[in-house]
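Undergrad: Can you keep this structure in mind? I'll have questions shortly.
Values in this text are rule-based calculations from the coordinates and carry no lab data. Given the structure is predicted, the values throughout are model-derived calculations rather than measurements. Note that we place each Cβ from the backbone using ideal geometry, even for glycine, and neighbour counts take in every protein chain shown.
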């Protein structure tokens, strides 16, 4: 078998069948690049249409979401749920509310989720959903009405043994509360395992809020330990200032690092003496302000309008904002400024060009499907607690998270070495995630 020609054919078919979806193309291309190594060593993975089936969602749901604003005006948004692959368990993946959301972005996120969920070792499949609704500037009542309309359609497609959504960009505890309330109202019963990210008083899990950021730092710590280095006393830059970024900052500083910069879409803040995490939480989570407002109140902090957070000298970079935020030019900046480790806290924040630069400049790079798997892992732990009507302590749940991230690192590193690509965590994560799913698909037949 001519592996390169076979993979090229797969990719050309995907481009043809999924026109106008560049993010999805990018995600599939990265995985197919890794699978060339698999097909050379284990050509049976080309059998039974495994790769073609894996890149085609099992189900794509698109629906209208009408809602009424506080002035009585009717708005219509579009809702999505892509149930991508359920071979390992019920579909599992977040909901994103953001004006940039379209089918291609949801498909890219759902495709990534298959491998991420596989790497956790937990029995969950891959899916993703969301809407082009923008919660920014909307009142609580407007968001409630939107969430109720959204769930009125989505609710008929989900359930604790079918599909278990969670939060993502634009969907936090407030939105999950409204969504779950409407689902419970429709179902006529309290199925707490149908959504994760719930409030602690009604079925939520400790550490779920912190999990994605914490997990990215735990993976970074594993990468550094493998090189004989420590996170303690390291300088860290973090892009973003949302949930993932805040808790990555918190955990990095708990482990002895100094976070020297973070950002939002308006610019970045330098914090040479570290971040006042409690003030940052108050600014972003309570008052819902911008990072410029943090700089006004924090001692020693300075706001830089526009610019590039990757200009700051550091040892570690954690991109935690959004997809394709870090390109090849920025990757060169990181390398020039001393960064030796990059771990994706967001989904696919690094472009192909950036990843190539990391390889060329000898920067250890952890892809999102490995490094940011902590969020979905803890969601699965929330599902376990719901199923057993139990509630675990923060310390116990955090330990489970640390253990899962350590296992993901070891699996990723071992798989990369097995295919002669030691230290290539992209290849390791893609292949390890793929093999588990593909083996299960082959065992269950052509469905």
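Undergrad: Taking 7 Å along the Cα-to-C-beta vector as the label spot, tell me the residue 11-residue 403 distance in nanometres, rounded to one decimal.
TA: Taking the two extended label points, one gets 4.0 nm.
Undergrad: While we're here: When a footprinting reagent is the concern and you count Cβ atoms within 10 Å, what order do 305, 414, 92 take, fewest first?
TA: The fewest-first ordering by Cβ neighbours comes to 305, 414, 92.
Undergrad: Sticking with this structure for a sec: Taking the Cβ-Cβ separation of residue 289 and residue 33 as r and a Förster radius of 35 Å, what is the calculated FRET efficiency to the nearest 0.05?
TA: 0.25
Undergrad: Please report the spacing between the Cα centers of the range 406-438 and the range 156-197 in Å, no decimals.
TA: Centre-to-centre (Cα) distance: 33 Å.
Undergrad: On to the next question. In whole angstrom, note down how far apart the Cα centers of the range 290-354 and the range 1-67 are.
TA: So the separation of the two Cα centres works out to 30 Å.
Undergrad: A follow-up question, please. Suppose the chain between residue 360 and residue 308 were pulled fully straight at 0.36 nm per residue; how much longer would it get relative to their current alpha carbon spacing?
TA: 16.6 nm
Undergrad: When the helix-only estimate is applied to the chain (DSSP H runs of n ≥ 4, each -39,500 (n - 2.57), divided by the residue count), what is the mean residue ellipticity at 222 nm, nearest 500 deg cm²/dmol?
TA: Here the helix-only value at 222 nm equals -15000 deg cm²/dmol.
Undergrad: Does anything in the range 350-380 have its amide N under 17 Å from the 7 Å Cα→Cβ label point of residue 422, and if so which residues?
TA: 362-365
Undergrad: Would you mind classifying the range 3-54 by shape? Square roots of the alpha carbon gyration tensor eigenvalues, ordered a ≥ b ≥ c; an a/c under 1.5 is rounded, otherwise it is prolate if a/b is larger than b/c and oblate if not.
TA: prolate
Undergrad: Obtain the nm distance between the two label points defined at residue 56 and residue 200 by a simple spin-label model: each point lies 7 Å from its Cα along the Cα-to-C-beta direction.
TA: Between residue 56 and residue 200, the label points sit 4.7 nm apart.
Undergrad: Measure off 7 Å from each Cα along the Cα-to-Cβ vector at residue 281 and residue 68, then give the distance between these two points in nanometres to one decimal.
TA: 3.9 nm
Undergrad: Gain in length, residue 396 to residue 410, computed as 0.36 nm per residue apart minus the alpha-carbon separation, to one decimal in nm?
TA: Length gained, residue 396 through residue 410: 2.9 nm.
Undergrad: For a test of the definition: using alpha carbon positions, the gyration tensor, and the 1.5 limit on a/c, classify the range 114-247 as rounded, prolate or oblate.
TA: Taking the square roots of the gyration eigenvalues as a ≥ b ≥ c, the range 114-247 is prolate.
Undergrad: Within the range 368-402, what residues put their amide N at less than 11 Å from the label point 7 Å along the Cα-to-Cβ vector of residue 187?
TA: 387
Undergrad: With the cut-off at 1.5 for a/c, could you classify the range 59-189 from its C-alpha gyration tensor as rounded, prolate or oblate?
TA: The shape class here is prolate.
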